[in-house]
Amino acid sequence: NPYTGLVSHLRAVWLSGKTRPMEYRVAQLEALGRFLDEKKQDILEATALDMGKPSFEAYFTEILLCKNELNNTLNNLCHWMKDEYVDKNLVTQLDSAFIRKDPYGVVLIIAPWNYPIHLFLVPLIGAIAAGNCVVIKPSETTKNTERLVAEMLSCYLDNDCFAVVTAGMQETTRLLENKFDYIFFTGSPSVGRIIMTAAAKHLTPVTLELGGKNPCYVSDTCDVQNVARRVAWGRFFNAGQTCIAPDYLLCSLEMQEKLMPALREAITEFFGSNPQESPDFGRIVGDKQFRRIRALLCSGRVAIGGQTDEKERYIAPTVLADVLPSDPIMQEEIFGPILPIVVVANMDEAIDFINARPRPLAIYAFSCDCKVVNQVLERTSSGGFCGNDTLMHVTLTSLPFGGIGNSGLGKYHGKFTFDTFTHRRGCLHRNMGLEALNTLRYPPYSQQKLGLLTTTFEIKRKGMCTLL
């Protein structure tokens, strides 16, 4: 196996304890900060070449949000790493009971192409902070960004502990044959199953950040213009190539008619009368992806947009009206700049529609009535939820980000990333003396010993608490 030597070397270095001191972790994290600062222009240029990503969007997602994660980690790492002392029973009152925050060891991070810096760097920040050695596999689809990461990251990080592997599907399959101590994968559910199968052979724990069809319910009581702007921004950001983008709208027929002119106005406001000429609208990442998305335009009725240019891999910001649940566009995640609208009679029908399908990565609900938003929140299940906006929940390092069921397994962002790459090791350090306290548990047994043992070990139930 071409990667066995690399993984073995990283494991030997990890076992030496090199990555464990806080000073070492901080130094490597600060080096990532210098990478973002010094290679800012290279990142903007590479992402523009790969998928026409506007520099505003690239800076916001690939640099600013990454620096927020980095600074949040540096600000709190000392506290996160500390042993966490826990409650004790009567027998262990003189002992030390704590949770030690251990690194897993050698971890693998496999990143996707849609946010090619952000989606490897944020997990990497947590993996370094937790004290692991890391193999990073950037996406081969975004060639320019992959080359940048492969050539430049080694200039900033310790090459003894961190390695970038450039690999296609076949090479990645060979990479996964090696035993890792943790695997973090971002991508599609179909590939996620392959990753999980490979990990199972070594009983390796995984985080799977997958996707899905994120519903967006719009009630009849809302500010239509505000809804249109927030939905259009979330749907067409990065040309729709965002795993948490609103994938389809659920609303009444009356609301569909109100939304259509408002969405048209928002699209024109954002991208002008011809979005193809806008510097603020990206392109589809590859020819294969372009053809797949273009084929979905046959669903429903094109109410806004619909123009395509294969040479530029351009698909206009598009809204489809009167889409049926059986239409092709409702059978897969769109991952492109198309917004289908499915008509429902009311909120209850919308909730039933959502619950009849695999649990998504995000659910969005818009209403001037907070009771409606709360009803959607309480009666559905998803990785995340955002009321009266789109995408914005992922900008908070204080919120966990991850899927559930078909949309993923595990969570990260902020301290949750540190926790993901940390083994919480339960520890009890007892006193060598005071042996008389232990005689209760030693044979020969008796009812008297059992009674005393019960008294010292038993946890009694307290009164019921009331949720306010």
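The values are calculated or read from the model by the stated rules, or taken from the named source; none is laboratory data. Keep in mind that this is a model prediction, so the values were computed, not measured. Please note: Cβ atoms are built from the backbone with ideal geometry, for glycine as well, and neighbour counts cover all protein chains shown. SASA here: full protein model, heavy atoms, side chains in, ligands and nucleic acids out. Shrake-Rupley method; radii C 1.70, N 1.55, O 1.52, S 1.80 Å.
Some observations on this one:
- Screening ASP87 on (1) surrounded by 19 or more Cβ atoms within 10 Å (Cβ to Cβ); (2) free of Cβ contacts under 8 Å to residues at least 24 places away in the same chain; (3) acidic (Asp, Glu) shows it passes everything except condition (1).
- Among residues of the range 383-416, those that are open to solvent by less than 50 Å² (accessible area, probe 1.4 Å), among the small types (Gly, Ala, Ser) and assigned to a loop (DSSP other than H, G, I, E, B), counted: 5
- Listed by first and then second residue, the pairs linking a residue in the range 241-255 that is among the small types (Gly, Ala, Ser) to a residue that is open to solvent by 10 Å² or more (accessible area, probe 1.4 Å) and outside any helix (DSSP H, G or I), with Cβ atoms under 6 Å apart and 6 or more places separating them unless they lie on different chains, are SER252/ASP220.
- Restricting the range 58-96 to residues that are under 21 Å from the mean Cα position of the chain (by Cα) and of a type in the set (Ser, Thr, Tyr), the residue that is farthest from ARG441 (Cα to Cα): TYR59
- Here GLU269 qualifies as more than 22 Å from PRO328 (Cβ to Cβ), among the charged types (D, E, K, R) and in contact with a Lys or Arg (Cβ under 9 Å, 6 or more places away or on another chain).
- Scanning the range 342-372 for residues that are assigned to a helix (DSSP H, G or I) and of a type outside the set (A, V, I, L, M, F, W, C), we see that the one that is farthest from GLU254 (Cα to Cα) is ASN355.
- Which numbered condition LYS137 fails, given (1) charged (D, E, K, R); (2) within 17 Å of the chain's Cα centre (by Cα); (3) over 21 Å from GLY33 (Cα atoms): (3)
- Of residues in the range 306-341 being assigned to a loop (DSSP other than H, G, I, E, B) and among the polar types (S, T, N, Q), the one farthest from the chain's Cα centre (by Cα): GLN307
- Those residues of the range 174-193 which are open to solvent by 20 Å² or more (accessible area, probe 1.4 Å), in a helix (DSSP H, G or I) and in contact (Cβ under 8 Å) with a residue 24 or more places away in the chain, in sequence order: ARG174, PRO189
- Any hit, the range 58-68, residues being within 30 Å of ALA316 (Cα to Cα) and touching a residue at least 60 places away in the same chain (Cβ under 8 Å): yes
- Residue in the range 90-132 that is nearest to THR207 (Cα to Cα), counting only those that are among the small types (Gly, Ala, Ser) and surrounded by fewer than 22 Cβ atoms within 10 Å (Cβ to Cβ): GLY105
- The range 257-293, subset out of contact with any Asp or Glu (no Cβ under 8 Å at 6 or more places or on another chain) and among the small types (Gly, Ala, Ser), residue farthest from TYR314 (Cα to Cα): ALA262
- For ALA27, the requirement of being under 25 Å from ALA245 (Cα atoms) and at pLDDT 95 or above is not met.
- Qualifying residue in the range 448-465 (condition: open to solvent by less than 80 Å² (accessible area, probe 1.4 Å), among the hydroxyl-bearing types (Ser, Thr, Tyr) and over 30 Å from the mean Cα position of the chain (by Cα)): yes
- Any hit, the range 365-381, residues being within 17 Å of the chain's Cα centre (by Cα) and more than 20 Å from THR186 (Cβ to Cβ): yes
- Looking only at the range 206-236, residues that are open to solvent by less than 10 Å² (accessible area, probe 1.4 Å) and more than 30 Å from TYR182 (Cα to Cα) come to 11 in all.
- Filter pass, PRO340 being in contact with a helix residue (DSSP H, G or I) (Cβ under 7 Å, 6 or more places away or on another chain), in the same structural domain as GLN225 (by the TED database) and under 27 Å from ASP223 (Cβ atoms): yes
- Out of THR141, THR166, one residue alone is over 23 Å from THR417 (Cα atoms) and either open to solvent by less than 10 Å² (accessible area, probe 1.4 Å) or touching a residue at least 40 places away in the same chain (Cβ under 8 Å) (or both). It is THR141.
- Residue check, GLU23 more than 29 Å from ASN114 (Cα to Cα) and assigned by the TED database to the domain that holds ASN114: yes
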